[in-house]
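Here is the structure we will look at.
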Amino acid sequence: MVAGWKDAMSLAGGMSTRKLFNAAKVLGSYHRSRVTGKAAISGLPISLSIEPTTSCNLRCPECPSGLRSFTRPTGMLDTHVFNKILDEVGPSLAYLIFYFQGEPYLHPLFLDMVTEASSRGIYTATSTNAHYLDEKNAEKTVTSGLNRLIISIDGVSQETYEQYRVGGKIEKVLEGTRNVLKARKSLKMSTPQVVFQLLAVRPNENEIQPLHELAKRMGVDKVVIKTAQIYDFEHGSDLIPKDEKLSRYRRNLDGTYSIKNDLLNHCWKMWHSCVMTWDGKILPCCFDKDGSHVMGDISTQDFRSIWTGESYQRFRTTLLKSRSEIEICRNCSEGTRVWA
């Protein structure tokens, strides 16, 4: 509870009058769009996901990075592109997560970008498999100003962990976690908040309570249980948990599976956030892993023209009329996440 309060205060501390006014405009336009059924957008994103790289050291079975199965180009974010979007949206941006696909710490200038965003008063977060958190990176992570460090830990034993995190070592994850907690203590810092995140799949569903106990022993601030996205879920999968509370899918009477989400014709994400890939493409949502719905390119366009442009407005309008027609929405987990 204390850690959660500190994290909330950290986010609130960066909320300037300009950011609050922007958030109010975005929220107002979202509700106006829902009432009228016509897409209207005011303000700029409240939150933004940026992809430092598509590269990854692991081979997780339901991840395009792990499977090396992208249909879009792979690479690393150019700092000029990063600075451009920060210049354009930074003054009104409340929350920035350095993650989409790939392992952020593989980008050699990742923590420098975190430092730059933090210096502008933006709340920053990232998600990592923690294999690169040696003592040097751990200390730099703490001094970068990063507010939240999400560590993917899908099990407490090597046998369980490696069933999803293929090629990974649980001891490396634990060592990296200890390094960050040690650096935070020695530097007398309160951030980043360290979060253990478990992607609930059948092999690890019995290790949730042991994970809570491990986190408490280590001094980790929070544990989050997240439902797993399964690409071909209709006929079941060995990864879908037996405990339906831990799954975003329900088993039907005929033995097939369907997503729990009712896919109502609205989505707050389309108004308050977006994704920028490593090569500057603007996507509407983190479920668009392959970049099927490119709204524009920050490398050649200004962000506002993309955010309010014809492609984005047409996408929002389609969502308001028939969200189920949009392929990336059909496997959406919004509203089906488990927090613990």
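Any chance segment 210-226 includes a residue that's touching a Ser or Thr at 6+ places or on another chain (Cβ under 7 Å), within 23 Å of residue 163 (Cα to Cα) and either surrounded by fewer than 20 Cβ atoms within 10 Å (Cβ to Cβ) or modelled with pLDDT of 95 or more (or both)? Don't jump to the end; show me each part of the working.
Step one: list which residues in segment 210-226 are touching a Ser or Thr at 6+ places or on another chain (Cβ under 7 Å), which gives 218, 220.
Checking the rest, the ones that are also within 23 Å of residue 163 (Cα to Cα) come to none.
Looking through segment 210-226, none of the residues is touching a Ser or Thr at 6+ places or on another chain (Cβ under 7 Å), within 23 Å of residue 163 (Cα to Cα) and either surrounded by fewer than 20 Cβ atoms within 10 Å (Cβ to Cβ) or modelled with pLDDT of 95 or more (or both).
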Q: State which residue is most open to solvent (accessible area, probe 1.4 Å) when the search covers only segment 230-280 and only residues that are among the basic types (Lys, Arg) and in a strand (DSSP E or B).
A: 251
Q | Considering residues of segment 281-328 that are part of a strand (DSSP E or B) and more than 16 Å from residue 269 (Cβ to Cβ) only, the residue most open to solvent (accessible area, probe 1.4 Å) | A | 281
Q. If you check residue 216 against the conditions, is it closer than 24 Å to residue 149 by Cα and either part of a loop (DSSP other than H, G, I, E, B) or free of Cβ contacts under 8 Å to residues at least 40 places away in the same chain (or both)?
A. yes
(Q) Would you confirm, using the coordinates I've provided, whether residue 138 is among the small types (Gly, Ala, Ser), part of a helix (DSSP H, G or I) and either in contact with a helix residue (DSSP H, G or I) (Cβ under 9 Å, 6 or more places away or on another chain) or without any contact (Cβ under 8 Å) to a residue 60 or more places away in the chain (or both)? (A) yes
Q. So which residues in segment 29-42 are assigned to a helix (DSSP H, G or I) and open to solvent by 30 Å² or more (accessible area, probe 1.4 Å), if there are any at all?
A. 31, 32, 34, 35, 36
Q. In segment 50-84, what residues are modelled with pLDDT of 85 or more and either farther than 28 Å from residue 199 by Cβ or acidic (Asp, Glu) (or both)?
A. 51, 78, 79, 80, 81, 83, 84
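Yes/no matrix, rows are residues, columns are (1) more than 17 Å from residue 219 (Cα to Cα); (2) open to solvent by 10 Å² or more (accessible area, probe 1.4 Å); (3) charged (D, E, K, R); (4) modelled with pLDDT under 95:
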site: 122; (1), (2), (3), (4): yes, no, no, no
site: 130; (1), (2), (3), (4): no, no, no, no
site: 133; (1), (2), (3), (4): no, no, no, no
site: 144; (1), (2), (3), (4): yes, no, no, no
site: 150; (1), (2), (3), (4): no, yes, no, no
site: 165; (1), (2), (3), (4): yes, yes, yes, yes
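The values are calculated or read from the model by the stated rules, or taken from the named source; none is laboratory data. Keep in mind the model is a prediction, meaning the values are calculated, not measured. Glycine gets a Cβ as well: all are built from the backbone with ideal geometry, and neighbour counts include every protein chain shown. Side chains included, ligands, DNA and RNA excluded: accessible areas come from the protein's heavy atoms. Shrake-Rupley method; radii C 1.70, N 1.55, O 1.52, S 1.80 Å.
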